[in-house]
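The values are calculated or read from the model by the stated rules, or taken from the named source; none is laboratory data. This is a predicted model, so every value here is computed, not measured. Neighbour counts are summed over all protein chains in view; Cβ atoms, including those assigned to glycine, are modelled from backbone coordinates with ideal geometry. We work out accessible area using only protein heavy atoms, side chains counted, and drop any ligands, DNA or RNA first. Shrake-Rupley method; radii C 1.70, N 1.55, O 1.52, S 1.80 Å.
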Amino acid sequence: MPNSPRSIAVRAPAKINLLLRVGPPRPDGYHDLRTVFHAIDLCDVVTAGPSDSLSLSVAGAEGSGLPADERNLAWRAAAELAEHAGVEARARLAITKSIPVAAGLAGGSADAAATLIACDRLWDLDSTGAELDAIAARLGSDVTFALHGRSALGVGRGERLDPITADGRLHWAVAAADAGLATPAVYRELDRLRAEGAVPAPDLDAAVAESDAVCRALAAGRPAALAALLANDLQPAALSLAPQLGATLAAGDRLGALAGIVSGSGPTCVFLAADRQDAERLAAELAASGTCRFARPVVGGVAGAAAQASARAAVS
Ligand code: C5P
């Protein structure tokens, strides 16, 4: 269809944190982090098509109940990019959601990152990587990583990244929970548990050696070595707010996962597998265990939204 207007489709990968060390609360309410992000091929798809105004629709297996207006981070991403570039925010945005919401998988951040890329192409802006990174960092702590994907060390509130060279792919089973957890509530619960001495005080200096070890295991492509290094300061807080996750983690352990951990602020749990076949088996058995809403095998270390510069498609 030579005269059809084009639309741009960009895949938005979810993230998990292989290491997540959390400092004390900062004056601005955020927490300094030392984290190792890892992008997984559980993806939303964001499409941007031509329009006279900005509009948004949300569909897909995990799309129900999400706002389709300026409360949605994808909408704000399009608006911020347009303002930065000095153009009108004219796009018909459509998100097909497969990433569970309020799940510790940064699905909203992924949609925002994919929206930046899709609108940049739709409006022929040719923004630089540095420009997109700066807008992403303003939108949220995880949006910059969603642009880049693969694996990366994150510091600051998570928006300052250092890529990790790791060619190999890792295999995981992702177990989705019945109900979501609000990220701010999980951070607050960690602060509360620390204040009462129930969990150790923060020590971001000690986390430098830990993240170095995670980077080495990733670069060597050794899942068994990585298994012993997975750690998440937010896990006790997520378990305190959603104690049923203990059964999910125990099921993964019983089923022979190399390691299991709460992803980010939870409540999703992720389990490291030896290879693709093992991840498929683990996911099937976790799904049958009755301890999660669904479980899926995924590949980790996949590219982020920015790598899809050539993702163009004609609207039919
Ligand atoms: O940056 P983002 O909007 O994704 O963060 C959501 C919430 O998570 C923040 O409002 C804050 O409560 C918490 N957070 C934090 N420290 C971080 C990242 C997020 O306290 N480094």
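Taking the stretch 207-222, which residues are in contact (Cβ under 8 Å) with a residue 40 or more places away in the chain and either more than 23 Å from ALA274 (Cβ to Cβ) or crowded, with 21+ Cβ neighbours inside 10 Å (or both)? Lay out the reasoning, then the answer.
Filtering the stretch 207-222 for residues in contact (Cβ under 8 Å) with a residue 40 or more places away in the chain gives 207-208, 210-211, 214-215, 218-219, 221.
Passing the criteria: ALA207, VAL208, SER211, VAL214, CYS215, LEU218.
Kindly indicate whether any position in the stretch 78-101 is open to solvent by 60 Å² or more (accessible area, probe 1.4 Å), in a helix (DSSP H, G or I) and away from the ligand (no atom under 16 Å from the Cβ).
Looking for residues that are open to solvent by 60 Å² or more (accessible area, probe 1.4 Å), in a helix (DSSP H, G or I) and away from the ligand (no atom under 16 Å from the Cβ), one finds at least one in the stretch 78-101, hence yes.
Does ASP69 count as touching a residue at least 60 places away in the same chain (Cβ under 8 Å), more than 24 Å from PHE294 (Cβ to Cβ) and surrounded by fewer than 20 Cβ atoms within 10 Å (Cβ to Cβ)? Give the derivation first.
Numbers: touching a residue at least 60 places away in the same chain (Cβ under 8 Å): no; more than 24 Å from PHE294 (Cβ to Cβ): yes; surrounded by fewer than 20 Cβ atoms within 10 Å (Cβ to Cβ): yes.
For ASP69, the condition - touching a residue at least 60 places away in the same chain (Cβ under 8 Å), more than 24 Å from PHE294 (Cβ to Cβ) and surrounded by fewer than 20 Cβ atoms within 10 Å (Cβ to Cβ) - is not met.
How many residues does the stretch 294-316 hold that are at pLDDT 95 or above and more than 19 Å from the chain's Cα centre (by Cα)?
0
For the stretch 191-201, give me each residue that is in a loop (DSSP other than H, G, I, E, B) and of a type in the set (A, V, I, L, M).
Within the stretch 191-201, the subset in a loop (DSSP other than H, G, I, E, B) is 196-201.
ALA198, VAL199, ALA201 - these are the residues of the stretch 191-201 that are in a loop (DSSP other than H, G, I, E, B) and of a type in the set (A, V, I, L, M).
I need the full set of residues from the stretch 152-163 which are free of Cβ contacts under 8 Å to residues at least 60 places away in the same chain and within 10 Å of the ligand (Cβ to nearest atom), in order please.
Residue satisfying the conditions is GLU159 alone.
Which of the residues belonging to the stretch 170-192 are surrounded by fewer than 17 Cβ atoms within 10 Å (Cβ to Cβ) and more than 11 Å from the ligand (Cβ to nearest atom)? Break it down stepwise before answering.
Step one: of the stretch 170-192, the residues surrounded by fewer than 17 Cβ atoms within 10 Å (Cβ to Cβ) are 178-179, 182, 184-185, 188, 191-192.
Of everything in the stretch 170-192, those that are surrounded by fewer than 17 Cβ atoms within 10 Å (Cβ to Cβ) and more than 11 Å from the ligand (Cβ to nearest atom) turn out to be ASP178, ALA179, ARG192.
Can you tell me which residues in the stretch 134-151 are buried (at least 20 other Cβ atoms within 10 Å of the Cβ), of a type outside the set (Phe, Trp, Tyr), in a helix (DSSP H, G or I) and within 15 Å of the ligand (Cβ to nearest atom)? Walk me through how you get there before you give the answer.
Within the stretch 134-151, the first condition is being buried (at least 20 other Cβ atoms within 10 Å of the Cβ), and the residues that meet it are 135-136, 139-151.
Narrowing the set further to residues that are of a type outside the set (Phe, Trp, Tyr) leaves 135-136, 139-144, 146-151.
In the following step, the residues that additionally are in a helix (DSSP H, G or I) were identified as 135-136, 139, 143-144, 146-148.
Once the filter is applied, which keeps residues that are buried (at least 20 other Cβ atoms within 10 Å of the Cβ), of a type outside the set (Phe, Trp, Tyr), in a helix (DSSP H, G or I) and within 15 Å of the ligand (Cβ to nearest atom), the stretch 134-151 yields ILE135, ALA136, LEU139, VAL143, THR144, ALA146, LEU147.
Could you identify the single residue in ALA279, ALA237, ALA303, ALA206 that is within 16 Å of the ligand (Cβ to nearest atom) and of a type outside the set (Val, Ile, Thr)?
Numbers: ALA279 fails: within 16 Å of the ligand (Cβ to nearest atom); ALA303 fails: within 16 Å of the ligand (Cβ to nearest atom); ALA206 fails: within 16 Å of the ligand (Cβ to nearest atom).
That would be ALA237, the only listed residue that is within 16 Å of the ligand (Cβ to nearest atom) and of a type outside the set (Val, Ile, Thr).
When residues of the stretch 1-50 are filtered for being open to solvent by 40 Å² or more (accessible area, probe 1.4 Å), farther than 24 Å from HIS148 by Cα and not in a strand (DSSP E or B), how many remain?
So the count comes out to 9.
Test ARG281 against the stated conditions and say whether it is part of a helix (DSSP H, G or I) and among the basic types (Lys, Arg). Talk me through it step by step, then tell me what you get.
Numbers: part of a helix (DSSP H, G or I): yes; among the basic types (Lys, Arg): yes.
Yes; evaluated as a whole, the condition is true for this residue.
Let's see how each residue does on (1) in contact (Cβ under 8 Å) with a residue 12 or more places away in the chain; (2) under 17 Å from LEU230 (Cα atoms):
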residue: ARG254; (1), (2): no, no
residue: LEU258; (1), (2): yes, yes
residue: VAL262; (1), (2): yes, yes
residue: LEU272; (1), (2): yes, yes
residue: ARG276; (1), (2): yes, no
residue: GLU280; (1), (2): yes, no
residue: SER289; (1), (2): yes, no
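Given the criteria of a type in the set (A, V, I, L, M), under 27 Å from LEU286 (Cβ atoms) and away from the ligand (no atom under 16 Å from the Cβ), does ALA110 qualify? Step through it out loud before you land on a result.
Details: of a type in the set (A, V, I, L, M): yes; under 27 Å from LEU286 (Cβ atoms): yes; away from the ligand (no atom under 16 Å from the Cβ): no.
For ALA110, the condition - of a type in the set (A, V, I, L, M), under 27 Å from LEU286 (Cβ atoms) and away from the ligand (no atom under 16 Å from the Cβ) - is not met.
Name the residue that is farthest from PHE271 (Cα to Cα), counting only residues in the stretch 202-237 that are part of a helix (DSSP H, G or I) and not aliphatic (A, V, I, L, M). First the steps, then the outcome.
If we filter the stretch 202-237 for residues that are part of a helix (DSSP H, G or I), which is where we start, we get 206-220, 223-227, 235-237.
Filter again for not aliphatic (A, V, I, L, M), leaving 210-212, 215-216, 223, 235-236.
Values: GLU210: 19, SER211: 19, ASP212: 21, CYS215: 18, ARG216: 20, PRO223: 11, GLN235: 14, PRO236: 17 Å.
Among those residues, the one meeting the criterion is ASP212.
Can you name the residue in the stretch 238-264 that is open to solvent by 10 Å² or more (accessible area, probe 1.4 Å) and not in a helix (DSSP H, G or I) and is also nearest to ARG192 (Cα to Cα) among such residues?
Restricting attention to the stretch 238-264, the residues satisfying the condition of being open to solvent by 10 Å² or more (accessible area, probe 1.4 Å) are 239-241, 243-244, 246-247, 249-250, 253-260.
Right, trim to not in a helix (DSSP H, G or I) and you get 243-244, 255-260.
Numbers: PRO243: 16, GLN244: 20, LEU255: 33, GLY256: 33, ALA257: 31, LEU258: 31, ALA259: 27, GLY260: 24 Å.
Restricting to residues being open to solvent by 10 Å² or more (accessible area, probe 1.4 Å) and not in a helix (DSSP H, G or I), the top hit is PRO243.
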